[in-house]
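As structure tokens, the structure follows; a few thoughts come after it.
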Amino acid sequence: MIKAIETKLKGCFILQPQIFEDERGYFYESYNHKDFCEAIGREVTFVQDNQSFSKKGVLRGLHFQKGGHAQAKLVSVLQGKIQDVVVDLRKDSPTFGQHLSIELSDENKKQVFIPRGFAHGFLTLSETAKVFYKCDNYYRKEAEEGIKFDEAIIGINWKINKEKIITSEKDKTIYSAKIFK
């Protein structure tokens with residue numbers, strides 16, 4: 001059983017699994033295709049799983065795949081805590097250019113479903129974090145795009161001082177200005 005709450009960004013859901021806890025620890029079903037599709041009201045077939053490990057202050061993103069290579073994602077945290085951020089890039093959406101920020105952790109066990117047409121990124125808030133996400137389309141390098149994490153038009157309030165954020169060289173220089181025109 002999974003509880004799905006649609007966010008202000010249509011098609012983007014926060015998911016909370018049912019957790020069974022006792023003196024031994026806990027158990028929960030992190031993914032069940034039938035329950036997941038029923039909860040979000042549509043069919044999504046994931047074809048690729050990804051994991052990342054990051055140290056505190058590492059920011060990965062804001063990334064997306066363009067065109068026919070766009071990816072929907074189901075993001076969760078196996079260890080640690082992150083600030084997960086999605087940005088609506090769907091030009092026909094009433095929430096185009098708006099973003100959602102949510103804390104995901106191994107403690108709250110929340111997941112976020114991100115439909116195609118969104119940029120995605122996350123900031124590691126704990127000493128380390130292991131992030132796991134499913135994608136409904138295969139990664140294609142030639143379709144890779146990104147937006148700088150501190151893009152003023154979006155106005156994301158990252159939970160740590162900007163000077164303490166660690167990004168890759170690629171993430172420091174990526175920017176698709178044409179997205180917001």
With r as the distance between the Cβ atoms of residue 126 and residue 38 and R0 = 22 Å, compute the FRET efficiency 1/(1 + (r/R0)^6) and round to 0.05.
0.10
Rounded to the nearest 20 debye, dipole of region 66-181 from Cβ charges on Lys, Arg, Asp, Glu
240
Just to check I understand the Karplus step: with θ = phi - 60° and J = 6.51 cos²θ - 1.76 cosθ + 1.60, what whole-Hz values come out for region 125-142, glycine and proline as x?
9, 8, 4, 8, 8, 10, 10, 10, 8, 9, 10, 9, 8, 6, 5, 10, 3, 5
Separation of the residue 139 and residue 26 label points, Cα + 7 Å toward Cβ, nm:
2.8
Averaged over all viewing directions, the convex hull of the alpha carbons in region 1-103 casts a projected area in nm² of 8.2
Based on the Kirkwood radius over alpha-carbon pairs, what is the Stokes-Einstein translational diffusion coefficient of region 107-181 at 4 °C with 1.567 mPa s viscosity, in µm²/s?
87
Calculated from backbone phi, Karplus (6.51, -1.76, 1.60) coupling profile of region 76-87 in Hz, x at Gly/Pro:
9, 10, 7, 8, x, 8, 9, 9, 9, 10, 10, 10
Using Cα-Cα distances under 8 Å and only pairs 6 or more residues apart, what relative contact order does the chain have, in percent?
28
When only C-alpha pairs under 8 Å and at least 6 residues apart count, what is the relative contact order of region 92-181, in percent?
36
Below 19 Å, Cα to Cα, which lysines can residue 3 reach? Residues fewer than 8 away in the same chain don't count.
34, 73, 109, 110, 134
Restricting to aspartates and glutamates and to Cα separations under 17 Å from residue 172, and discarding same-chain partners fewer than 8 apart, the set is 144, 145, 150, 151, 163
Given labels modelled 7 Å from the Cα in the Cβ direction, how far is it in nm from residue 150 to residue 48?
3.0
I'd like the antiparallel share, as a percent to the nearest 5, of DSSP beta bridges with both residues in region 45-180.
95
Kindly state, as a whole number, the per residue volume in cubic angstrom of the convex hull around the alpha carbon atoms of the chain.
121
If packing is taken as the average number of other Cβ atoms within 10 Å across a peptide's residues, how do 16-29, 43-56, 123-136 rank, most packed first?
123-136, 43-56, 16-29
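Since every read-out is calculated from the coordinates, none of them should be taken as a lab result. The model shown is predicted, which means the values in this text are computed figures rather than measured ones. Please note: Cβ atoms are built from the backbone with ideal geometry, for glycine as well, and neighbour counts cover all protein chains shown.
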